[in-house]
Structures are given as C-alpha cells and as structure tokens.
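Read through the structure below, which is laid out as structure tokens, and then see the notes.
The values are calculated or read from the model by the stated rules, or taken from the named source; none is laboratory data. As the structure is a computational prediction, the values presented were derived from the model and not from experiment. Every residue, glycine among them, receives a Cβ derived from its backbone with ideal geometry; neighbour counts consider all protein chains shown. Side chains are part of the model used for accessible areas, which takes the heavy atoms of the whole protein and leaves out ligands, DNA and RNA. Shrake-Rupley method; radii C 1.70, N 1.55, O 1.52, S 1.80 Å.
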Amino acid sequence: MLALTSLTLSHFRSHLRADLHLDGRPVAIHGNNGAGKTNILEAVSLFSPGRGLRRASAAEMARRPEGLGWKLKGVLQTSEQAYEIETWSDEGAARQVRIDNKASNQIALGQICRVVWLVPVMDRLWVEAAEGRRRFLDRIALSFDPSHAEATLAYEKAMRERNKLLKEQIRDGAWYRVLEAQMGSAGHRIHEARSAAVQRLRQAQNDAETTFPTADLQLIQSEGEMPESESDLVTALSEGRMRDMAVGRTLVGPHRSDLIGTYASKGIAAKDCSTGEQKALLVSLILANARALAASEGAPPILLLDEVAAHLDKGRRAALYEEICTLGAQAWMTGTGPELFAELGARAQLLEVDEAEGVSQVKKS
Ligand SMILES: Nc1ncnc2c1ncn2[C@@H]1O[C@H](COP(=O)(O)OP(=O)(O)OP(=O)(O)O)[C@@H](O)[C@H]1O
Ligand SMILES: [Mg+2]
C-alpha cells in the first residue's frame with residue numbers, strides 16, 4: 001500500500017492549520033468554491049519532486065497576509081513501513097525536505113512517495129501547445145523514475161545558457177562545448193525516459209480491461225528527428241549553431257518533442273475528440289500510469305483527481321470509482337457536493353472543507 005495516514009498543513013495557502021487523519025481509503029473532499037479543496041491536493045502533490053500541481057513558487061503558497069513560510073507534515077504508510085515526511089519553505093526560500101527527522105531531498109522523497117494527478121487545467125491539454133503535453137508526459141516519466149526531474153532541470157539550465165550565447169552572437173566554439181555536452185547527456189536521458197513511459201502506458205492499457213478508452217500515444221518531434229544517441233545529439237547541436245544563432249534559440253532536442261494522442265477505437269486524434277472524450281483519455285492514461293506503478297513498485301501511487309467527478313457522466317464516474325477501489329489507491333478527489341461521491345459509499349472517507357473569513361476548516365463529513 002501507499003497512503004498518507006495523516007497530513008498537517010501549516011500556513012499553507014488558505015489553511016492556517018489543518019490536521020487530517022486518514023485511514024487509507026480514498027479521500028473524497030467536498031465544499032464550496034474557494035473553500036480550500038484544491039489547496040489540500042496541492043499540498044499532497046508537494047510530496048513528489050517539483051513545483052506541485054499548480055506549478056507555484058514556494059512564496060506563492062505561503063498563507064497571506066502573513067506570507068512568511070509554510071510547512072506540510074505527513075505520515076506515509078507503505079507496505080513495509082511508515083515514514084514521517086516533511087516539506088516546507090522558509091520565507092519563500094527553496095522548498096526543503098526531511099524524512100524521518102533527517103535532512104533529505106525531493107528526489108529521495110519521490111522514491112518513497114509516488115504521486116500522480118489530474119487537474120482541470122489539463123482539460124485543454126490535447127488542443128493547446130506542445131509544452132503542456134511534454135510536461136504531462138514528464139510527470140508520468142518522473143513517477144516511474146524520480147531522477148527524471150534532475151535530467152529535466154539540467155537540460156533546461158544548459159539550454160538557457162546556450163540560448164544566451166546564441167542571442168549574444170558568440171561564435172567561439174569553446175563557449176558552447178561544455179553546455180552542448182550537458183544538453184546531449186541530459187537530453188538523451190529525457191528522451192529515453194519519455195519513450196519508456198509511452199511504452200509502459202501502452203503496455204498497461206493493453207493489459208487491462210477498462211471502460212475508459214485506450215489512448216494511442218506517439219512521441220514525435222515538432223520538426224525533424226530526435227537524434228538517436230547522446231553523441232548524435234551533441235553533434236546536431238554543434239552543427240546547428242549557425243542556424244540556431246539566426247533565430248536566437250535551440251532548434252533541436254527533446255524540448256521540441258510532442259505527444260500525439262489518438263482515441264484508438266475511433267481512430268480520431270485526441271485534439272478532435274469531444275471535451276468529455278478528451279477527459280476520458282486523460283483518466284485512462286492516469287489509471288494506466290497507476291496500474292504500471294502498482295505492477296513495478298508493488299503499490300499504486302497516490303492519485304490526486306481534482307474535480308474529476310464533475311466532468312464524468314454517472315456511468316463513467318462509477319467505473320472510475322470501481323477502478324480506484326480495485327487498484328487500492330489512495331485517491332484524493334474533490335467536488336462541490338457529497339452527492340458526487342455517492343457511488344463510493346463507505347469505500348471512501350468523506351471530508352468537508354469550509355471557509356470562513358479566509359480561513360479554511362476541514363472536518364469529517
Ligand atoms: N497564498 C494564499 N494565502 C491565502 N489564501 C490563498 C492563497 N492562495 C490561494 N488562496 C485562497 O484559497 C482559496 C482557493 O482555494 P482552492 O483553490 O483550494 O478552492 P477550492 O475549494 O478548490 O474551490 P473550487 O471548488 O472553486 O475549485 C481562494 O479563496 C484563494 O483566495
Ligand atoms: Mg478547486
């Protein structure tokens with residue numbers, strides 16, 4: 001199993017202090033708009049590497065008006081043991097991590113706590129820019145291998161510096177070599193991890209009977225080809241310098257990849273599907289991600305499904321709940337009213353969030 005059995009939020013967004021006691025069942029949270037439901041899911045998302053489900057900075061998450069710092073504490077129960085996990089930010093500084101009272105880091109936390117999520121802003125994933133789809137795939141790759149976060153950061157840092165040289169019209173190759181070597185190494189790792197993630201999602205979808213539609217996925221380059229090896233990527237970068245200098249940015253590498261989705265049984269591109277179908281494809285992929293993790297890690301990840309119930313018809317909703325319960329995942333779900341979770345009955349723990357004068361309160365429903 002993998003579940004938080006307790007969660008404390010201190011000075012985190014609208015929560016001055018909230019103590020949640022969980023029993024391992026899926027958590028269904030209801031409350032009015034602005035009550036503080038998504039804030040709780042965001043808190044849980046910070047137990048995985050990166051900026052969390054809103055991609056917010058540490059400073060943005062500090063409770064206003066005080067805005068000094070925030071802290072999240074949890075007890076994470078796995079099949080083997082329980083961990084005390086903490087993450088916090090002091091005065092907007094970079095987020096820190098402690099595991100069992102010892103200083104640690106986000107990647108190490110990611111190794112014990114796998115978290116994947118689906119949030120309403122992803123509803124337009126298939127029709128918007130490729131960046132969102134790359135990020136979606138990167139979250140999945142990261143759930144399989146938390147060190148994917150390092151490769152992404154290393155690549156972006158080196159590329160930013162290379163782009164700066166390009167804009168300044170620097171021609172001396174000596175300035176570029178180290179950066180291009182770093183981009184080659186990290187870029188190749190990123191591409192491999194993404195390809196592996198696509199493969200694992202494909203496998204997990206093929207292996208299961210589910211009411212959700214199969215999403216065929218294809219990793220492509222928006223232009224040209226992704227160089228096959230690390231050294232091919234380094235060569236492509238060095239040979240492309242003059243071309244890149246003309247536009248002031250790097251035109252080859254994994255930052256030019258895109259993820260194409262197809263509603264398999266209909267043969268229709270995800271971007272041309274109906275809103276509900278697009279959502280169903282995302283749910284399908286998140287469930288496939290969870291099943292793949294359950295198979296490889298021995299436990300499904302913690303799932304954060306923000307407002308997922310509202311977008312699904314009654315039949316699909318019941319099917320989703322059924323799959324979550326079969327997986328045995330601690331799924332955190334939100335909705336405005338408890339009726340959205342009726343089909344779950346006693347299989348879920350129901351919490352209500354209330355907001356009064358800017359302070360959120362969580363109680364058992
Ligand atoms: N840093 C912050 N400090 C204090 N309050 C904040 C902070 N950031 C956001 N909020 C408040 O938190 C509330 C939003 O909480 P949240 O997004 O969790 O609501 P919700 O219950 O998910 O609502 P909805 O049903 O509309 O999605 C808003 O009232 C917002 O002003
Ligand atoms: Mg919300």
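Couple of notes before you dig in:
- Once the chain from residue 275 to residue 94 is taken as fully extended at 0.36 nm per residue, the excess over their C-alpha distance is 61.5 nm.
- Violating pairs (Cα-Cα greater than 20 angstrom) within the set 37/364; 279/363; 279/314; 73/102; 37/71; 37/102: 279/363; 37/102
- GNM result for the chain, Cα springs below 10 Å: residue of 156, 180, 239 fluctuating most strongly: 239
- Once C-alpha pairs closer than 8 Å and six or more residues apart are averaged by separation and normalised to the residue number of the range 119-300, the relative contact order reads 28 percent.
- Charge tally in the Cβ shell below 15 Å around residue 111, where Lys, Arg are +1 and Asp, Glu are -1, residue 111 excluded: -2
- Cα-only Debye scattering, the range 119-300: base-10 log of I(q)/I(0) at q = 0.09, 0.19 Å⁻¹: -0.36, -1.19
- DSSP bridge pairs, the chain: antiparallel proportion in percent, nearest 5: 75 percent
- Charge tally in the Cβ shell below 15 Å around residue 65, where Lys, Arg are +1 and Asp, Glu are -1, residue 65 excluded: -1
- Extension gain from residue 157 to residue 102, taking 0.36 nm per residue of separation minus the Cα-Cα distance: 16.9 nm
- Rounded to the nearest Hz, the phi-derived 3J(HN,Hα) couplings of the range 93-104 under the Karplus curve 6.51 cos²θ - 1.76 cosθ + 1.60 (θ = phi - 60°) are 6, 3, 5, 10, 9, 9, 10, 6, 6, 10, 4, 9, where x marks glycine and proline.
- Orientation-averaged projection of the range 263-365 equals 8.4 nm² [convex hull of Cα atoms, one quarter of hull surface area].
- Counted residue by residue at 0.36 nm each, then reduced by the alpha carbon distance between them, the extension gain from residue 336 to residue 209 reaches 42.7 nm.
- Summed over qualifying helices (DSSP H, 4 residues or more, each -39500 (n - 2.57)) and divided by its residue number, the chain shows a 222 nm mean residue ellipticity of -13000 deg cm²/dmol.
- Sites matching GluC sites (Glu not before Pro) across the range 64-152 that sit in DSSP coil, with at most 11 neighbouring C-beta atoms within 10 Å: 66, 80, 91
- Expressed as a fraction of 2.2 N^0.38 Å, the value expected for a compact globular protein of N residues, the C-alpha radius of gyration of the chain is 1.03.
- Of all lysines in the structure, not one lies under 24 Å Cα to Cα from residue 164 without also being fewer than 8 positions from it along the same chain.
- Among 67, 24, 110, the largest mean-square fluctuation in a Gaussian network model of the chain (Cα springs under 10 Å) belongs to 67.
- In Hz, Karplus ³J(HN,Hα) per residue of the range 292-301 (6.51, -1.76, 1.60; θ = phi - 60°; x = Gly, Pro): 4, 5, 4, 5, 8, 9, x, 8, x, x
- Rel. contact order, % - alpha carbon contacts under 8 angstrom, at least six apart, the range 61-142: 16 percent
- The angle between the Cα long axis of helix 148-167 and the main principal axis of the chain comes to about 40°, on a 0 to 90 degree scale.
- For the pair the range 29-43 / the range 290-365, the C-alpha centres are spaced 12 Å from each other.
- Gaussian network model of the chain, springs between alpha carbon atoms under 10 Å - residue of 45, 195, 79 with greatest fluctuation: 79
- In this calculation the C-beta distance from residue 356 to residue 150 is compared with R0 = 41 Å, giving a FRET efficiency of 0.45.
- The chain, relative contact order in percent, only Cα pairs under 8 angstrom and at least six apart counted: 25 percent
- Order of exposure, largest accessible area first, which applies to 98, 317, 194 with probe 1.4 Å: 98, 317, 194
- Counting every pair of alpha carbons in the range 211-313, the share spaced more than 20 Å apart comes to 58 percent.
- Local electrostatic count at residue 213 - Lys and Arg +1, Asp and Glu -1, tallied over other residues with Cβ under 15 Å: -1
- Between the amide H of residue 268 and those of 263, distances stay under 5 Å, these residues lying 5 or more places away or on another chain, with hydrogens modeled in the peptide plane.
- Couplings 3J(HN,Hα) for the range 189-202, derived from phi with the Karplus relation 6.51 cos²θ - 1.76 cosθ + 1.60 (θ = phi - 60°), are 4, 4, 4, 4, 5, 5, 4, 5, 5, 4, 4, 5, 5, 4 Hz, where x marks Gly and Pro.
- Distance-filtered residues of the range 30-56 - backbone nitrogen under 15 Å, label point 7 angstrom along residue 73 Cα→Cβ: none
- Taking the C-alpha atoms only, the angle from helix 230-239 to the longest principal axis of the chain is near 50 degrees.
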